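The values are calculated or read from the model by the stated rules, or taken from the named source; none is laboratory data. From a predicted model like this one, the values you see are computed outputs, not experimental measurements. Glycine also receives a Cβ, built like all others from the backbone with ideal geometry; neighbour counts cover every protein chain displayed.
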Amino acid sequence: MRVLIADDEPLARTRLAALLRECAEVDVVASVADGEAALAACAELKPDLLLLDIAMPGLDGLGVARRLAALPAPPQLVFCTAYEEHALAAYELRAADYLLKPVRIERLREALARAAALQRSTPAAGEHLLAQMHGAALRIPLHEVLYLTADDKYVTVHHAAGDGLTELSLKAIEDLFPARFVRVHRGCLIPVERLLGLKRDTDGSIRALVAGTDAAPEVSRRNLAAVRRWLRGGRE
């Protein structure tokens with residue numbers, strides 16, 4: 001994995017680089033000190049992963065992430081920061097992980113594994129689901145899918161433009177797009193890049209946090225352990 005480090009503190013950059021040397025199959029391609037330099041290095045070097053500080057002079061880390069999100073193939077993002085309060089914003093920008101300084105080697109390895117899993121599962125250009133919406137057949141790109149739910153006869157594709165129906169079963173979709181979805185319930189799949197975390201509802205049920213929607217699908221007790229393992233560091 002080709003990694004770019006962006007942090008305005010020289011000691012932080014040096015420490016991250018030293019930790020990365022202890023991780024297998026990692027190549028640090030560059031180390032930069034501000035947001036604009038990070039964007040330039042991403043454009044030139046095409047890293048697989050950007051380790052990104054938040055509090056930097058000029059363009060901060062969240063600003064960098066928003067700019068990168070507009071690219072067709074942005075690097076995976078792992079934020080490395082001293083501030084806990086930006087975690088939700090970071091995950092809304094589809095960060096692979098959020099590490100608090102001082103970064104521990106165990107958490108860094110988990111973040112690298114999660115970023116690698118997300119990189120492998122990122123939909124390629126042209127991948128889509130065929131669904132019916134308002135009587136018309138639509139090709140819905142996988143990157144627009146928020147989550148999928150199944151009833152007795154059809155699967156509903158909840159996506160950026162609304163809801164469509166597909167005759168494919170959830171199992172068929174899993175088989176067509178291996179490693180693209182996390183099953184949180186026998187009747188629900190969530191794209192891996194949209195699964196942000198879990199929350200406990202007032203009735204005690206566990207709900208999934210999904211990027212791009214306020215909907216929070218229920219996580220079944222049968223699937224809960226597997227979902228938690230995935231959130232800690234990628235699929236087994």
Margin query: Condition (residue is in a strand (DSSP E or B) and either surrounded by fewer than 20 Cβ atoms within 10 Å (Cβ to Cβ) or modelled with pLDDT of 95 or more (or both)) applied to segment 214-229: is it met by at least one residue?
Written below: yes
Practice prompt. Please verify whether segment 78-97 includes one or more residues that are under 26 Å from residue 1 (Cα atoms), small (Gly, Ala, Ser), without any contact (Cβ under 8 Å) to a residue 12 or more places away in the chain and in the same structural domain as residue 27 (by TED's automatic domain parsing).
Written response: yes
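Table: residues versus (1) among the aromatic types (Phe, Trp, Tyr); (2) crowded, with 18+ Cβ neighbours inside 10 Å; (3) in contact with a Gly (Cβ under 7 Å, 6 or more places away or on another chain).
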site	(1), (2), (3)
47	no, yes, no
54	no, yes, yes
64	no, yes, yes
67	no, no, no
71	no, no, no
78	no, yes, no
82	no, no, no
90	no, yes, no
Residue count, segment 45-64, condition in a helix (DSSP H, G or I) and touching a Ser or Thr at 6+ places or on another chain (Cβ under 9 Å), comes to 1
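Just for segment 190-207: of the residues that are free of Cβ contacts under 8 Å to residues at least 40 places away in the same chain and surrounded by 12 or more Cβ atoms within 10 Å (Cβ to Cβ), which one is farthest from residue 99 (Cα to Cα)?
If we take residues in segment 190-207 being free of Cβ contacts under 8 Å to residues at least 40 places away in the same chain and surrounded by 12 or more Cβ atoms within 10 Å (Cβ to Cβ), then 205 is farthest from residue 99 (Cα to Cα).
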Among residues of segment 41-72 being within 13 Å of the chain's Cα centre (by Cα) and of a type in the set (Gly, Ala, Ser), the residue modelled with the highest pLDDT is 65
Of the conditions (1) among the acidic types (Asp, Glu); (2) under 30 Å from residue 26 (Cα atoms); (3) modelled with pLDDT of 90 or more, the single one that residue 174 does not satisfy is (3)
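Do the conditions hold for residue 27, that is, is it touching a Gly at 6+ places or on another chain (Cβ under 9 Å) and either assigned by TED's automatic domain parsing to the domain that holds residue 90 or free of Cβ contacts under 8 Å to residues at least 40 places away in the same chain (or both)? Spell out the reasoning first.
Numbers: touching a Gly at 6+ places or on another chain (Cβ under 9 Å): no; either assigned by TED's automatic domain parsing to the domain that holds residue 90 or free of Cβ contacts under 8 Å to residues at least 40 places away in the same chain (or both): yes.
Here the answer is no, as residue 27 does not meet what is asked.
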Checked segment 142-159 for anything closer than 22 Å to residue 209 by Cβ and either assigned to a strand (DSSP E or B) or more than 17 Å from the chain's Cα centre (by Cα) (or both); matches are 145, 146, 147, 148, 149, 150, 155, 156, 157, 158, 159
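Would you mind stating whether residue 67 is farther than 19 Å from residue 114 by Cβ and either in contact with a Ser or Thr (Cβ under 7 Å, 6 or more places away or on another chain) or basic (Lys, Arg) (or both)?
On the way: farther than 19 Å from residue 114 by Cβ: yes; either in contact with a Ser or Thr (Cβ under 7 Å, 6 or more places away or on another chain) or basic (Lys, Arg) (or both): yes.
The answer is yes for residue 67.
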The residue from 170, 112, 118, 176 that alone is crowded, with 18+ Cβ neighbours inside 10 Å and more than 18 Å from the chain's Cα centre (by Cα) is 170
